[in-house]
Every structure is written in structure tokens, then in C-alpha cells.
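The values are calculated or read from the model by the stated rules, or taken from the named source; none is laboratory data. From a predicted model like this one, the values you see are computed outputs, not experimental measurements. Note: ideal-geometry Cβ built from the backbone for every residue, glycine included; neighbour counts use all protein chains shown.
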2 protein chains.
Amino acid sequence: MPAAMIDGKAIAEEFRARIGVGVADLKTTHNLTPGLAVVLVGEDPASQVYVRNKGVATKAAGMASFEYRLDKDVSEADLIAQVTALNKDDDVHGILVQFPVPPQITQQTIIETISPSKDVDGLNPVNAGRLASRLDALTPCTPQGSVMLAKQTLGNLEGLHAVIVGRSNLVGKPVAQLLLQENCTVTMAHSRTRDLADLCRTADILVAAVGIPEMVKADWVKPGACVIDVGINRIDAPERGEGKTRLVGDVDFEAVAEIAGHITPVPGGVGPMTIACLLKNTLDAACVQAGLDKINL
Amino acid sequence: MPAAMIDGKAIAEEFRARIGVGVADLKTTHNLTPGLAVVLVGEDPASQVYVRNKGVATKAAGMASFEYRLDKDVSEADLIAQVTALNKDDDVHGILVQFPVPPQITQQTIIETISPSKDVDGLNPVNAGRLASRLDALTPCTPQGSVMLAKQTLGNLEGLHAVIVGRSNLVGKPVAQLLLQENCTVTMAHSRTRDLADLCRTADILVAAVGIPEMVKADWVKPGACVIDVGINRIDAPERGEGKTRLVGDVDFEAVAEIAGHITPVPGGVGPMTIACLLKNTLDAACVQAGLDKINL
């Protein structure tokens, strides 16, 4: 395997340590403890794991962690009331509602209820617009983490051709904006793209964010390219025993690693960066809400 | 010249006629007259011409036109007060502040002062974010007009490769979002793009929005491509006499027209569409503010 593995776990750990220093500094200098509130509706097992992990990481960074667990049958009005209360709570600087929410609740309504200044998921259209307009914004965590990994790996990204496969509001579109800010030439590809493999083969940086297990094949990749795999897909793994599963990305890792210059594994690539960037957003939000400059980490 | 000329003037005229019918309909059915307020600071001759043309077109469509001319030395606070008054004025459904503004005024502050619901220029980050998030939004006029011309010329744009040269908030970035919504594969290129000519030659739709006279040359264009020239540059034209000037686009029109399948002229291409889309935005804004469905033109 000629590709160098991009160790998202190690990079995220080091980043989280720096965030912890920033948090400690903020406490010392301004007696301010950043607080993150996570709201979980229902009992989806995967969501419960995510919420637990976020709480642990928040506390580990020295921040205050608040968890709100609402019944799966909660009304949209009650969830809005909960978010509105958090918008007003001075101890809470970041609010994250764990998605998906049950069908009686419209996700977009909740997104737009979260105050843009506490929107640490960066999904509120105000933050999407500020990002697109190159204004200061809270930026979605997974895109932020993906671009950090590319920068840490390649250094200056200026003039590189980035191809992003997938155009979701959560990942594809904000990744495009962030890579454009790094002066990449940016192509947004998706399910309607013709000759997708040929297009991907022109990429210096290839970001896969489609949610289709191992879709990106070795012959889609230019030799030496940097491949960022945002996908996290659980697939059957009968080779591990009956009923067993395993996680794979959107990239056919084993084969692509023979061609790429750098590649993120799944798990252990982009995933750990997402939580680290959530903590960074919460720290930034706390500073901005207190009228302080953001801390340079 | 093998390329078919895209007659923006004729398409815009026909569109404005349909808008006029919509306006008349709204008056009859709801006794509602859409109103557009244009604010001009100072006496820049080009801006004065733009403002006058907008006023004439607004009235021709049957809408109410309000003009506010402020002294070039007006303070930012006074301009904000003017915009805030217009935000509250029920007869005004659209507000346009003619840019550029003098140096004592921060353009972005004014953009963010305009209520998103009256922001017919589509520059407020709220509208940029709603566009990026595929929510209902007021969309910048020139991008809207550019994409209308491409659709009117080519029909369904799905799967076509669009290359946009230029990444301004006003044109390049919103054009990218709109073409993505049409299911194009979209590449954003700019001054830091390597091998720009090669990249442009891969475009089925090539949008030039850089503000550099005649930058796009014939050998940048794939035979048969649809070329949308957003540039409006005034250059010296000594051949017309001493001190004379003429308008050219960002595309070397004569030479590119030998290669392209379709091409917009300058003037008479995208330009006339911009005012038409401003009228459409004002009509839409009036409907939305009145709690009505937008009129399908």
C-alpha cells in the first residue's frame, strides 16, 4: 500500500488537546466555561452512542456538557420550546440537536430555531450564507475536519483541483465553500454527474461524501491524489461471523490505497475530527458571545 | 460565425411582459401594487444611469417605484436609518441600495441592514444561505438571469458540466448554486486556478464573471459550448474616434463565436435579464410579504 494513511484519530487528539488549553485559558483569564447542550429525541441506539461520545469529549476538554433527552413522541412545539430556552441560557454557548428527529418534527424548522450564534452544527441558513459570503461563521464540523486533514497533509492547497462527490447541505456544499476559501479549484459532483470516474480522476483532492459503501474505486483516483473519505456506512460482515457488521467509507479503501498518495481510513479518519471541530465551534461561540476574540489554537 | 446568438434583450422583454401581466393580476385580485425602492448615494454617473433605468422598468411593469438620492457625504448611520425606514414601509416590497457606496460606508453593513424579505438583490447572507440550503430565497438577479438564458437555450441542463470563472458573492457563487440546482456538475474557477484554459475547454456551459475584458479566448472553448458572458467592461475604442469607448464582456466575442454553439453578446445578453429578474424578485417579495403564493409566470 503506497498511500500514506491520514491519521485522523491522532490529528484530532492533538487538536482536542489544544482546544483544552484554550478552554483552560478562557477560564483563567475570563472566568468563562464554554457550555455545549446536546438534545436527543427518542432512543435511536446510534444517536445515543453519538450523544454519549460528545458529552465525554466535551467534559474532557474542560467544557460544561448539558444533555436533554426528550421522548420520541415529543411534539415539535415542545422541542422548539426546549431549543428556545437553550437559546436564552447564558451557560449554553453551543446547541446541537441530534438528527434525525422523529417524523412529527420538521428538521429544518428545528435548524432555523437554533440561534445562529449558538448553532455549532453550522446548519442554520444564516451560517451557511455567512460561510458562502466569506464572513465569520460557525461552520459545519465534518467539512471543517475534512479540510483540516487535507491542509495538514498537503500544506497549501492553492490551485489544487478538488472534486467533491455529494452535495448535501451538511457536508458536500460546505466542503466546497471551505476548499474555495483555500483557493482550490472546486468541482461539485453528484448522482447526476456524467462520467463520474473520469471526473474524479482529475482530482488532486477527492472528497467522497455520498453515503454509498465503497463507491469510489481505484480507477477513479489519480495516482498520488489525496482522498478524504467522509462516508460512514455499516455493512454486513459475514466473514466476522453470523450477523456481524463492520464500518466502511464511501471509498474502496484497500484498492484505492494502492493508487492514492494519501487517504483517510474509516473509522479513524474524518470521524474523530468531527467531534474535535464541534468542540472548537463551542469554544469559538463562547468567545464571540462574550464579546472576546476567538482563541488562536 | 457558427454560434447562435442568445438574444438576452428579446428574452428579457418577453419576461418583463409576463411580469407585467403578473403585476396587473395581483392588483386586480388583491389590490396590491408591488413597490421597489432604490437608494442611490452620491452622483456616480454610471450609477445614476442604472438607477434611472431601474425606475423606468419598474413603472413599465406596473409597479411603484421609489427613489432616494442621498448626498455622497451621508453618514453610514443615516443610510442605515433610511434603509430601516424602508424595511418598515408597507408600500415597499423590495429595497435595492446601488453599489458601490462611498468609503465612509461599509457595504456589508448595509447589505445586512436590508430585511431579508425585501432584499431583492439577494445579497443578504440569509438569502445566500437559503439559496445554498435549497430553501426559498431571494436570489441575486444577474445569476438568475444567466441561468434563465442557459435554460432557455439548452433546455434541461442536467448532467452538463458548467465551469464558472469568477467566485464573487454577487455572481460566481450564486450562479454555482443555481446551476447545481439544475443538476449540472459545477466547477468554480478563479484567479488561482491552474490550467484555466484547459479547464474551460471541458465546459458544456461556460460562465465568465471576472471583470477582465475579453479574457476568455477561442481556444478556451469547447466546440458547441454555451457561453454566458456576465462581464460588462468599458474599454477605449480609438477606432471610433478620440476619447471614445465601448462595452465588451469577459469573452473575446468575435473569436469565441466561431467556436461556441451559443453565446451571449455584450451588451444585450445577460444585462437586460438582470433588470427583469429584479422586477421578478420584487413581485415575488410582494406576494410573500402579503402571505400569497408566488405568481407562476
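Key figures for this structure:
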| quantity | calculated |
| --- | --- |
| Exclusive hit being closer than 19 Å to B:Thr264 by Cβ, at pLDDT 95 or above, surrounded by fewer than 24 Cβ atoms within 10 Å (Cβ to Cβ) and within 12 Å of chain A (Cβ to nearest Cβ), set B:Gly159, B:Gly172 | B:Gly172 |
| Pick from segment B:35-57, criterion touching a strand residue (DSSP E or B) at 6+ places or on another chain (Cβ under 7 Å) and outside any helix (DSSP H, G or I), ranking: surrounded by the most Cβ atoms within 10 Å (Cβ to Cβ) | B:Leu36 |
| Single residue of segment B:28-64 satisfying the filter (among the polar types (S, T, N, Q) and within 19 Å of the chain's Cα centre (by Cα)) that is modelled with the highest pLDDT | B:Thr58 |
| Tally of residues being surrounded by 22 or more Cβ atoms within 10 Å (Cβ to Cβ) and either in a loop (DSSP other than H, G, I, E, B) or of a type in the set (Phe, Trp, Tyr) (or both) across segment A:134-156 | 4 |
| Criterion (within 14 Å of chain A (Cβ to nearest Cβ) and either under 29 Å from B:Leu131 (Cα atoms) or touching a Ser or Thr at 6+ places or on another chain (Cβ under 9 Å) (or both)) met by exactly one of B:Val227, B:Val186 | B:Val186 |
| Residue check for B:Leu86: touching a Lys or Arg at 6+ places or on another chain (Cβ under 9 Å) and assigned to a loop (DSSP other than H, G, I, E, B) | no |
| Of all residues making up segment B:259-291, the number that are farther than 15 Å from B:Ile11 by Cα and part of a helix (DSSP H, G or I) | 9 |
| Tally, over segment B:101-113, of residues that are out of contact with any helix residue (DSSP H, G or I) (no Cβ under 7 Å at 6 or more places or on another chain) and closer than 15 Å to B:Leu40 by Cα | 4 |
| Flag if B:Thr142 is touching a residue at least 60 places away in the same chain (Cβ under 8 Å), away from chain A (no Cβ under 14 Å) and touching a Ser or Thr at 6+ places or on another chain (Cβ under 6 Å) | yes |
| Positions within segment B:254-287 being touching an Asp or Glu at 6+ places or on another chain (Cβ under 8 Å), crowded, with 22+ Cβ neighbours inside 10 Å, closer than 13 Å to B:Val207 by Cα and of a type outside the set (S, T, N, Q), in sequence order | B:Ile263, B:Gly269, B:Val270 |
| Any hit, segment A:217-227, residues being among the β-branched types (Val, Ile, Thr), assigned to a loop (DSSP other than H, G, I, E, B) and within 18 Å of the chain's Cα centre (by Cα) | no |
| Scan of segment B:227-246 for residues that are under 21 Å from B:Ser168 (Cα atoms), out of contact with any Phe, Trp or Tyr (no Cβ under 8 Å at 6 or more places or on another chain) and surrounded by 13 or more Cβ atoms within 10 Å (Cβ to Cβ), ordered by number | B:Val227, B:Ile228, B:Val230, B:Gly231, B:Ile232, B:Asn233 |
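Conditions (1) free of Cβ contacts under 8 Å to residues at least 40 places away in the same chain; (2) under 14 Å from A:Lys280 (Cα atoms), marked per residue:
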| position | (1), (2) |
| --- | --- |
| A:Lys54 | no, yes |
| A:Thr58 | no, yes |
| A:Ala64 | yes, yes |
| A:Glu67 | yes, no |
| A:Asp73 | yes, no |
| A:Gln82 | no, no |
| A:Lys88 | yes, no |
| A:Val92 | no, no |
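For every residue, the table says whether it meets (1) within 14 Å of chain A (Cβ to nearest Cβ); (2) within 25 Å of A:Arg167 (Cα to Cα); (3) without any contact (Cβ under 8 Å) to a residue 60 or more places away in the chain.
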| residue | (1), (2), (3) |
| --- | --- |
| B:Ala203 | yes, yes, yes |
| B:Ala208 | no, yes, yes |
| B:Val216 | no, no, yes |
| B:Asp219 | no, no, yes |
| B:Arg234 | no, no, yes |
| B:Val256 | no, no, no |
